[in-house]
Amino acid sequence: MDDPVLRLDRICKAYNVGLPSETKVLHDVDLTLKRGEFLALMGPSGSGKSTLLNIIGLLDRPTSGHLFIKGQDTALLNDAALTRLRGHTIGFVFQDHHLISAFTAVENVLMPLLVDAEFAGPDIVQKANALMARVGLAKVADNRAMNMSGGQQQRVAIARALAMSPDLLLADEPTGNLDTQSAGGVFDLMREVNRESGTTILMVTHNLDLAKRCDRIVDVVDGRITA
Ligand SMILES: Nc1ncnc2c1ncn2[C@@H]1O[C@H](COP(=O)(O)OP(=O)(O)OP(=O)(O)O)[C@@H](O)[C@H]1O
């Protein structure tokens, strides 16, 4: 129970290993994220933030080192077990909302619940509607995603990411495409979710003002954590 949500132990990542084009991107990255923390990951373009996020999100494997999720060493898991762990533990929000445009907002939130209905349990429609209310969009839950503003679409994406009650929310520049006011609103929502539900959040951002409002800022420079 006291295990951190996430612990990285000397994570290295290289692409095109063994080829002349081999590129070492991450070097001995150590990072621990305690339950309920809200961490901002910053760093210049190409420093390895997305690579790190893909590894933390169990979308890619490190070349060496160990990634522990709630104390479990993910190096010991096969691909099917990794997929299950990802679905039950991690929610994703991207810079582009990745909603299905022709679906309504609430239908988008229902999607992950339908895909893993056994884990999601009963009353998924009620749950999806509660999530729409949670992100302040109850009144427009039946609007098609394509007809919503950028800020609203990102709120729907957050509701969808929360559908499986993840321990860890990974957000890759979630406010990158939004104007200042909408970006502030989306950040406030993530802060609220973090404080009220205790969801641990790791957010990649280039926005220093928002990063300063997180619990902690970690800088990645040339594939190394510097602060
Ligand atoms: N699939 C891949 N194959 C080879 N090289 C890759 C691959 N993905 C990323 N890289 C390289 O790894 C380095 C780090 O890229 P990454 O996308 O992780 O950086 P980033 O910090 O997220 O950048 P940005 O802020 O621009 O999104 C870059 O040099 C990139 O070209």
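Derivation of every value follows stated rules applied to the coordinates shown; laboratory data play no part. Owing to the predicted nature of the structure, the values given are computational and were not obtained by experimental measurement. Glycine gets a Cβ as well: all are built from the backbone with ideal geometry, and neighbour counts include every protein chain shown.
Could you pull out every one of the lysines with an alpha carbon less than 21 Å from that of Lys70, ignoring same-chain neighbours closer than 8 positions? Excluding near neighbours in sequence, the set is Lys34. The aspartates and glutamates within cross-link reach of Lys127, meaning a Cα-to-Cα straight distance under 16 Å and a gap of 8 or more places when in the same chain, are Glu107, Asp116, Glu118, Asp142.
Of all beta bridges that DSSP places with both ends in the range 6-225, some 50 percent have antiparallel geometry. In this structure, Arg84 and Arg10 have a Cβ-Cβ separation that, at R0 = 35 Å, corresponds to a calculated FRET efficiency of about 0.85.
What is the sum of charges, Lys and Arg at +1 and Asp and Glu at -1, for the other residues whose Cβ falls under 14 Å from the Cβ of Ala102?
-1
Length gained on full extension, Lys34 to Ala102: 20.7 nm, using 0.36 nm per residue less the C-alpha separation. Between the range 32-64 and the range 130-209, the C-alpha centres lie 19 angstrom from each other.
Distance between the pseudo-spin-label points of Asp179 and Thr23 (7 Å out from Cα toward the beta carbon): 3.5 nm.
What net charge do the residues around Arg155 carry, taking every other residue with its C-beta under 12 Å from that of Arg155, with Lys and Arg at +1 and Asp and Glu at -1?
0
Extending 7 Å from the Cα toward the beta-carbon at both Val221 and Gln126 defines two label points whose distance is 5.3 nm. For Ser45 and Arg213, the FRET efficiency from 1/(1 + (r/R0)^6), where r spans their Cβ atoms and R0 equals 25 Å, is about 0.65.
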